[in-house]
1. Between Ser50 and Ala90, what is 0.36 nm times their sequence separation minus the Cα-Cα distance? Round to one decimal in nm.
2. Towards the positive end of the charge dipole of the stretch 4-105, with charges on Cβ (+1 Lys, Arg; -1 Asp, Glu), say which of Val30, Val86, Cys7 has the farthest Cα.
3. Could you tell me, in Å, what Rg and Dmax come out for the Cα atoms of the chain?
4. Putting +1 on Lys and Arg Cβ atoms and -1 on Asp and Glu Cβ atoms, find which of Val20, Gly75, Ser52 reaches farthest to the positive end of the dipole of the chain.
5. So how far, in whole Å, is the C-alpha centre of the stretch 82-103 from the one of the stretch 42-76?
6. Could you pull out the chymotrypsin sites (Phe, Trp or Tyr not before Pro) across the stretch 38-86 that fall in loop regions by DSSP (anything but H, G, I, E, B) with no more than 11 other Cβ atoms inside 10 Å?
7. With springs only between Cα atoms under 10 Å, which of Val88, Val37, Val22 fluctuates most in a Gaussian network model of the chain?
Amino acid sequence: MSATRVCALSELAQDEPLRVEVDGKPIALVRDSNDEVHAIGDTCTHGDISLSEGFVEGDTLECWAHGSAFSLRTGKPLNLPAYEPVPVYAVQIDGDDVLIDINVKKED
Ligand code: FES
């Protein structure tokens, strides 16, 4: 499987998550304050909430509903109530294109 283009890098504002879908899987895309782009599963593991509606804080994305912050690097929640990780996907940047291969999960 090859990577899928999900958006242009220029569409991604720093610390403003963007919800994209690849093969029906919702993904939260985040360009952090170091200009690094991360892709994690968009659905909070505590409830059916879109993490891309939450807040970026350093290299975490916080669910607005009950405050669990998920690491953008490992997908692990750093605090309760969520305790299951979300998947983390490998991101490729090709010029101004942001690509994700949902078959490649990143492990830290
Ligand atoms: S739904 Fe995300 S922390 Fe509860």
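Bear in mind that the values in this text are calculations on the coordinates, not laboratory data. If you're wondering where the values come from, they're calculated on a predicted model, not measured in any experiment. Here the Cβ positions follow ideal geometry from the backbone for every residue, glycine too, while neighbour counts run over all protein chains shown.
1. 12.4 nm
2. Checking the options against the dipole of the stretch 4-105, the answer is Val86.
3. When restricted to Cα atoms, the chain yields Rg and Dmax of 12.6, 39 Å.
4. Toward the positive end, the furthest listed residue is Gly75.
5. 15
6. For chymotrypsin sites (Phe, Trp or Tyr not before Pro) across the stretch 38-86 that sit outside H, G, I, E and B with at most 11 neighbouring Cβ atoms in 10 Å, the list reads Tyr83.
7. Val22
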